[in-house]
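Just dropping this structure here.
The values are calculated or read from the model by the stated rules, or taken from the named source; none is laboratory data. Since the model is a prediction, treat every value here as computed from it, not as a measurement. A quick note on method: Cβ atoms are made from the backbone with ideal geometry, for glycine too, and the neighbour counts reach across all protein chains shown.
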Amino acid sequence: MGIFSRLSDIFKSNVNDLIDRAEDPEKMVKQIIMDMDQELQKSTAALGKAVASERMAEKKLNDATKKAADWEAKARAALAAGNTDLAKRALSQKVKADEEVSTYREMYETISSQTETIRTQVETLKAKMSEAKSRQAMLIAR
């Protein structure tokens with residue numbers, strides 16, 4: 001059994017030696033750069049979608065804030081006119097609008113945070129890609 005074990009070890013070492021010789025650092029860096037480029041494209045697309053979502057959430061927040069302010073103004077006007085029933089209904093609508101504002105603010109803050117995370121990841125990936133390209137240039141120069 002010792003002979004088979006030794007033959008197996010010799011075979012493994014020869015295969016590992018072949019693999020080591022086949023590994024070309026320049027080709028490996030080139031492949032890494034290609035992989036990073038694909039990931040950068042995906043990340044950039046995700047960032048674009050996140051920014052669009054952030055803008056949409058911000059618009060909804062602004063609209064809800066304006067709506068709440070409008071209901072408050074209507075309630076004040078109704079109260080000034082002496083129409084307490086209308087003022088109560090307007091205040092009821094303002095409370096609902098304030099709840100919407102709270103919901104949209106929370107949504108906007110979450111999306112904004114996620115967008116910033118993606119933006120940071122894209123910048124990090126760009127920096128790593130630049131570093132890989134400079135390594136590739138060094139390998140080619142050798």
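Would you pick out the residues in region 80-121 that are in contact (Cβ under 8 Å) with a residue 24 or more places away in the chain and within 20 Å of A45 (Cβ to Cβ)?
I111, S112, Q114, T115, I118, R119, Q121 - these are the residues of region 80-121 that are in contact (Cβ under 8 Å) with a residue 24 or more places away in the chain and within 20 Å of A45 (Cβ to Cβ).
Being among the polar types (S, T, N, Q) and modelled with pLDDT under 95 is the filter here, so list the residues in region 44-62 that pass it. Before the answer, list the steps.
At the first step, the residues of region 44-62 found to be among the polar types (S, T, N, Q) are 44, 53, 62.
Across region 44-62, the qualifying residue is only T44.
Considering each of T120, T110, T103, T65 in turn, give the residue that is in a helix (DSSP H, G or I) and modelled with pLDDT under 95.
The conditions single out T120.
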